[in-house]
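The values are calculated or read from the model by the stated rules, or taken from the named source; none is laboratory data. For clarity, every value in this text was computed on a predicted model and none was experimentally measured. Quick reminder, even Gly has a Cβ in these numbers, built from the backbone with ideal geometry, and neighbours come from all protein chains shown. Accessible surface areas use protein heavy atoms only, side chains included; no ligands, DNA or RNA. Shrake-Rupley method; radii C 1.70, N 1.55, O 1.52, S 1.80 Å.
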Amino acid sequence: MYDSSRDIHNIGKVHPSTHGKLEVLALPILRGSADVCWHLVSTSFKGLTPTVILFMARVVSGDESCVPRAFHYQPFVGVFAIFVRNDVASIITTMAAEFPIDFGTTTFENKKRESHEFAEISRSIRRDIIRSLVLAGSGHSGGPLGSADIFAVLYFGGYMRYSTSDWFGAPHDRFVLSAGHMCPVMYSTLANAGAFPKAELATLRKYNTRLQGHPGRDMGLPGVETSSGSLGQGISIAVGMAMSDKLLDKNDLRVFSLTGDGELQEGSVWEAAMAASHFKLDNFCWIIDNNDCQIDGRVPDVMDVYPIADKCAAFGFDVVTCDGHDHAQLQAAFDRFLENQRTGTGKPTAIVAKTYMGNPVSFMNDKFEWHGKPPSWEQAKQALEELGA
């Protein structure tokens with residue numbers, strides 16, 4: 001009796017040339033990435049049902065452990081998958097030749113800079129966001145791209161103090177990404193700072209990677225201070241960190257946290273804000289990525305949170321509103337925070353940074369539809385060309 005499961009589990013042995021083709025691409029992460037192969041298979045074989053496509057994608061990616069048991073008893077599926085695996089390998093080879101993915105090794109120093117020096121850093125962060133997302137085949141594009149200028153100034157302008165060689169061992173300032181789904185920008189920033197090899201960005205959202213779809217403190221990635229993603233909780237944790245630094249340890253360390261504007265619809269955000277003001281945490285800087293977009297549409301259409309600056313002021317914050325794509329304005333905003341801490345004003349700082357989702361990629365810019373999806377290979381190629389890659 002024909003046993004297709006034998007061919008499925010030994011497919012690498014039956015067709016070693018397929019693995020060879022994949023490895024030639026310098027993209028070994030494709031093996032074990034059903035997400036990427038799902039995209040390739042589904043676009044090449046549009047007439048198939050999602051279940052069969054998923055099965056084929058897993059086989060192509062080498063993820064035989066996830067093959068549904070029912071398929072083990074369908075010989076034609078096993079044979080077809082072997083054919084598809086070879087065919088998709090040739091598709092990937094052709095695509096990679098036309099559109100190579102190379103994260104490079106360039107990193108940037110954290111130091112005081114002139115505002116014009118941040119432009120290339122922002123572009124590098126954005127390019128790596130696009131590269132990691134297209135390889136992942138899933139994830140959030142809009143928010144990470146739109147907030148790249150904020151991260152460039154914060155991490156590379158001397159405002160946040162850290163050591164990439166001993167991130168968790170040495171005393172350091174802390175950043176909490178409360179909007180955890182925006183993690184591609186944080187991962188790209190950390191890699192560009194030298195916290196981990198840039199090539200690891202290719203593992204975004206893969207099984208057992210340190211670069212999970214939402215930040216996981218348990219993964220041990222340098223620069224990830226806490227797990228986050230459940231909206232409203234990250235800023236609450238950050239306020240607790242700031243309380244510990246100022247009230248218990250009595251040090252001069254700073255805590256930064258970024259929320260989205262849609263996240264302001266969570267009540268726990270305002271509980272955290274109230275606590276930050278009550279405990280006079282002038283060592284705490286709250287950054288609000290005000291792009292006016294969330295997954296279901298425009299923020300005022302889903303649940304209006306405006307006027308944001310007035311609400312923050314009413315909660316006792318010193319509020320700075322700025323253009324989140326203007327590096328000089330961002331520097332001035334962070335300078336204000338440092339001055340508040342230095343002089344002991346007792347006021348936490350809120351920076352309302354007005355940004356555009358997907359900025360500056362032409363087909364993503366200011367479009368809420370790009371909140372939670374990655375670019376296709378064709379779109380990624382266009383985006384990288386626009387970003388000067």
| request: Select from region 218-269 those trypsin sites (Lys or Arg not before Pro) which occupy a DSSP coil region and have at most 14 other Cβ atoms within 10 Å, ordered by residue number. | output: Lys250
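Roughly how big is region 177-256's charge dipole about its Cα centre, with Cβ charges of +1 (Lys, Arg) and -1 (Asp, Glu), in debye to the nearest 20?
My answer is approximately 200 debye.
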| note | Summed over the other residues with a beta carbon less than 10 angstrom from that of Leu231, with K and R at +1 and D and E at -1, the charge totals -2
| field | Once the Cα gyration tensor of region 226-328 is diagonalised, semi-axes √(5λ) in Å | value | 24, 15, 13
| said: Need one word for region 112-160: rounded, prolate or oblate. Basis is the Cα gyration tensor (sqrt eigenvalues a ≥ b ≥ c); a/c below 1.5 gives rounded, then a/b vs b/c decides. | reply: prolate
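For region 176-231, what is the accessible area per residue in Å² when the probe is 1.4 Å?
Value returned for region 176-231: 30 Å² of accessible area per residue.
On a full-extension model of 0.36 nm per residue, what is the gain between Leu247 and Asp218, subtracting their alpha-carbon distance, rounded to one decimal in nm?
Contour length minus Cα-Cα distance gives 7.8 nm.
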| task | Kindly identify region 117-241 as rounded, prolate or oblate by the Cα gyration tensor criterion: order the square roots of the eigenvalues as a ≥ b ≥ c, call it rounded if a/c is under 1.5, otherwise compare a/b with b/c, prolate if a/b is larger, else oblate. | result | rounded
| Anisotropy class of region 280-380 from Cα gyration tensor, a/c 1.5 cut | prolate
| Efficiency of FRET between Thr105 and Glu385 - r from beta-carbon atoms, R0 22 angstrom, step 0.05 | 0.55
| remark: To the nearest Å², the heavy-atom accessible area per residue of region 233-274 with 1.4 Å probe amounts to 39
| Cα-Cα over 25 Å: which of Lys112/Lys354; Lys311/Lys347; Lys112/Lys367; Lys206/Lys373? | Lys112/Lys367
